[in-house]
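The values are calculated or read from the model by the stated rules, or taken from the named source; none is laboratory data. Keep in mind the model is a prediction, meaning the values are calculated, not measured. Glycine also receives a Cβ, built like all others from the backbone with ideal geometry; neighbour counts cover every protein chain displayed. Calculation scope for accessible area: heavy atoms of the full protein, side chains included, ligands and nucleic acids excluded. Shrake-Rupley method; radii C 1.70, N 1.55, O 1.52, S 1.80 Å.
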Amino acid sequence: MSVFTPVSDSQLDGWLKGYSVGALLALEPIAAGIENTNYFVTTSQGRYVLTLFERLPAAEVPFCLDLMAHLARHGIPCPAPIAGLDDRYLSSLNGKPAALVTRLEGSEVDRPSAAHCYELGGLLGRMHLAARSYGGYLENPRGPKWWRGAAADVRPFLDAASAALLDEELRFQARHRFPDLPRAAVHADLFRDNAVFKDGRISGVFDFYFAGVDCFIFDLAVCANDWCLVDPASDHRLDEERTHALLGAYAAVRPLQPDERAAWPVMLRAAALRFWLSRLHDKHLPRPGELVKVHDPVHFHAILALRAAPGAQPPWTG
């Protein structure tokens, strides 16, 4: 599990007096995530999730919270931020920016089927349509600018072959920019553990704290690289049936342009690069924390190497 900032019942009880959510009944650390401190909170009026932001600058948090509120108003099943008595979503707890959001019902799916991917694709399409009317702006905080800085940080820890792959991919991505692709605020981290299902339907998506403005097709690539692998443990190719379901359901909601389809192989590589770098950074340059979970960067190293191999992916599978 990942807990960076311990919170006691008495501390939370005092903090909750700034909200109209009733009395505290239970506080439970969440055994997931590597960027923030998260707790399940149960009160006399409902069930919530408390997040203390460990890395995200306080100035960037309102973009994410306002985006969640915007999407929830448009019917997207995502956590709705709870405003305090001061009518603000963001507060402070134990010296950290903190927010309270509604808790979603449902359970995660470890091995998604084509039906699960179809559900995800349709929801992602609706989410992107709703995001077009969101007025906030924050460039993807883990986009190309961040890649270059993170690469410089982790390069001393890489062997020669890994450093060569990293440098070549950065050069490749610099040659393949797509400034005219449709874009708006995207989730940018919609892995399997950031969605829940109930009765076979997707009942919620959460953890929008890497959200930013980027290409819609990049958001799709992030999902495909996690949801559609033949076998996450041993075979990092894209499963054709699940990829077809994801992209087909998405395109039925928001038809994709020819240049988006052409950019698909590049975006698969960009998505793999982003998560390889973040996992390398977390492994080699960790922060002090309590019971901190760190994902193995080898997984996305393998995905990137496969996506970058000549002829590795068809232009489009949807």
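Checking the a/c ratio against 1.5 first, then a/b against b/c, what shape does the Cα gyration tensor give for the range 171-245?
On the way: a/c = 2.11, a/b = 1.26, b/c = 1.67.
Note, shape of the range 171-245 comes out oblate.
Classify the range 28-114 as rounded, prolate or oblate, taking a ≥ b ≥ c as the square roots of the eigenvalues of its Cα gyration tensor: rounded when a/c is under 1.5, otherwise prolate if a/b is larger than b/c and oblate if not. Rounded, since a/c falls under 1.5. Here is how the number arises for the chain: DSSP H runs of 4 or more residues each give -39500 (n - 2.57), the sum is divided by the residue count, and the result at 222 nm is -13000 deg cm²/dmol. Summarising the strand pairing of the chain, around 95 percent of its internal DSSP beta bridges are antiparallel. Using the 1.4 Å probe convention, the accessible area of the chain works out to 43 Å² per residue with neighbouring protein chains retained. Taking a sphere under 10 Å around the Cβ of R237 and counting the other residues whose Cβ falls inside, with K and R at +1 and D and E at -1, yields a net charge of -3. Farthest towards the positive end of the charge dipole of the chain, among the residues A130, F40, S234, is the Cα of A130, using unit charges on the Cβ of Lys, Arg, Asp and Glu.
Please report how many Lys pairs in the chain have alpha carbons closer than 29 angstrom, counting only residues at least 8 apart along the chain or sitting on separate chains. Present the calculation step by step, with values, prior to reporting the outcome.
Details: K17/K96; K96/K145; K96/K283; K96/K293; K145/K283; K145/K293; K198/K293; K283/K293.
Lysine pair count for the chain: 8.
Place the peptides 256-269, 148-161 in order of packing, highest mean first, counting for every residue the other Cβ atoms within 10 Å and averaging per peptide. Working shown, then result.
Values: 256-269: 18.7, 148-161: 13.4.
Highest-to-lowest ranking by the protection proxy: 256-269, 148-161.
Mind ordering 169-182, 225-238 by average Cβ neighbours within 10 Å, highest first?
Values: 169-182: 13.4, 225-238: 16.8.
Highest-to-lowest ranking by the protection proxy: 225-238, 169-182.
The portion of the accessible surface of the chain made up by carbon and sulfur, rounded to a whole percent, is 54 (1.4 Å probe; DNA, RNA and ligands excluded). Going by the alpha-carbon gyration tensor, a ≥ b ≥ c the square roots of its eigenvalues, is the range 52-160 rounded (a/c under 1.5) or, if a/c is not under 1.5, prolate (a/b greater than b/c) versus oblate? Judged from the Cα gyration tensor, the range 52-160 comes out oblate (a/c at least 1.5, b/c at or above a/b).
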